[in-house]
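The values are calculated or read from the model by the stated rules, or taken from the named source; none is laboratory data. Keep in mind the model is a prediction, meaning the values are calculated, not measured. Cβ coordinates were reconstructed from backbone atoms using ideal geometry, including for glycine residues, and neighbour counts include every protein chain displayed.
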Amino acid sequence: MARVIAVCNQKGGVGKTTTAVNLAAYLAAHGRRTLLVDFDPQANASSALGASPRSLTRSVYHGVLGLASARDLITPSMLLNLHYVPAAPHLTGLRVELIDMEDRGRALRNFLNSVRHEYSYVIIDLPPSMDLLFVNGLVAADEIIVPVQAEYYSLEGLGQLLDTVELIRTNLSHRLDVAGALLTMHDRRERLSRDVAKNLRRHFPHHVFEVEIPRSVSLAEAPSFGRPVLLHRPDSPGAHAYRQLAREVIAREGVHLAEQIGTAAR
């Protein structure tokens with residue numbers, strides 16, 4: 001059964017989609033069969049893998065509404081072991097349509113349940129807004145990874161996100177773990193970056209990944225070529241950083257399994 005990980009932060013521009021795409025790519029490169037689910041109406045993760053979201057007639061929107069099966073929507077990428085479910089701008093309409101749906105908070109989870117056993121990992125890219133799409137992504141996930149940009153404003157919103165996680169656990173009776181915070185757009189030469197990293201590691205109440213994702217031209221330009229950095233500039237610092245992140249995530253597979261067994265036993 002797949003580890004389902006949502007990459008989320010209610011603040012935009014923190015490297016959320018970059019992390020979702022490149023983590024998924026490197027998990028696949030490490031031999032893990034991986035599914036990337038684009039659940040953001042901006043559909044940037046889809047275009048980063050070569051899709052043309054505005055020309056799509058079917059997307060994750062249709063899957064969640066029961067108008068298409070997961071297998072109809074799953075699309076192979078240029079990488080072995082990496083598939084994705086694309087999004088398109090019409091996904092924004094789901095925010096309204098979910099309101100009248102029964103069990104609306106679990107719509108994405110129900111959609112993914114039919115295929116999650118076929119993968120080692122499912123990575124979900126969430127929108128930067130706390131709405132029904134965001135809640136669906138959290139409920140569909142077992143864990144979250146929180147990208148945190150190396151600036152002080154990024155630290156301020158973490159408490160609100162953790163409060164939302166606690167509400168999901170309490171009100172929806174859903175076990176959701178925090179896999180860790182990930183420092184992004186880090187520049188070791190800048191004192192601000194170093195101070196933010198120090199404060200995050202000192203005060204964040206959950207795991208913080210050892211790797212720090214650097215500011216990198218290769219990471220910024222790879223989506224314009226419709227490919228992850230692994231296929232664009234595999235020798236770049238950004239590529240090396242996401243390779244290390246994938247290794248850290250894989251290394252915690254035992255932790256995740258122990259938590260799942262403990263949850264089932266209670």
Inset, instruction - Kindly check whether there is at least one residue in segment 151-163 that is touching a residue at least 24 places away in the same chain (Cβ under 8 Å), over 18 Å from A2 (Cα atoms) and part of a loop (DSSP other than H, G, I, E, B). - result: yes
Legend entry - Residue check for E102: under 27 Å from A251 (Cα atoms) and among the acidic types (D, E): no
Legend entry - Only one of R54, R106, R32, R71 that is more than 21 Å from V139 (Cβ to Cβ), out of contact with any His (no Cβ under 6 Å at 6 or more places or on another chain), charged (D, E, K, R) and surrounded by 17 or more Cβ atoms within 10 Å (Cβ to Cβ): R32
Inset, instruction - With respect to L80, determine if the residue is of a type outside the set (S, T, Y), more than 21 Å from A246 (Cβ to Cβ), out of contact with any Pro (no Cβ under 8 Å at 6 or more places or on another chain) and free of Cβ contacts under 8 Å to residues at least 60 places away in the same chain. - result: no
Inset, instruction - Hand me the list of helices (runs of 4 or more DSSP H) wholly inside segment 185-233 holding 3 or more residues that are modelled with pLDDT of 95 or more. - result: 217-221, 229-232
Inset, instruction - Tell me, please, whether a residue that is closer than 30 Å to P76 by Cβ, assigned to a strand (DSSP E or B) and at pLDDT 95 or above can be found in segment 244-259. - result: no
Legend entry - Some residue of segment 148-159 being out of contact with any helix residue (DSSP H, G or I) (no Cβ under 8 Å at 6 or more places or on another chain), modelled with pLDDT of 95 or more and either more than 25 Å from A45 (Cβ to Cβ) or not hydrophobic (A, V, I, L, M, F, W, C) (or both): no
Legend entry - Positions within segment 216-239 being within 19 Å of the chain's Cα centre (by Cα) and either surrounded by fewer than 20 Cβ atoms within 10 Å (Cβ to Cβ) or on the phi > 0 side of the Ramachandran plot (or both), in sequence order: A220, G226, R227
Legend entry - Restricting segment 130-149 to residues that are in contact (Cβ under 8 Å) with a residue 60 or more places away in the chain and more than 14 Å from the chain's Cα centre (by Cα), the residue that is surrounded by the most Cβ atoms within 10 Å (Cβ to Cβ): Q149
Legend entry - Of residues in segment 33-51 being touching an Asp or Glu at 6+ places or on another chain (Cβ under 9 Å) and in a loop (DSSP other than H, G, I, E, B), the one nearest to S236 (Cα to Cα): L49
Inset, instruction - Of all residues in segment 54-75, count the ones that are in contact with a helix residue (DSSP H, G or I) (Cβ under 8 Å, 6 or more places away or on another chain) and within 30 Å of Q244 (Cβ to Cβ). - result: 1
Inset, instruction - Working carefully through the options A87, A107, find the one that is in a helix (DSSP H, G or I), at pLDDT 95 or above and closer than 23 Å to R58 by Cα. - result: A107
Legend entry - Subset of segment 166-198 [over 18 Å from the mean Cα position of the chain (by Cα) and of a type in the set (K, R)]: R169, R188, R189, R191, R194, K198
Inset, instruction - Please work out if A68 is part of a loop (DSSP other than H, G, I, E, B), under 14 Å from the mean Cα position of the chain (by Cα) and more than 21 Å from M185 (Cα to Cα). - result: no
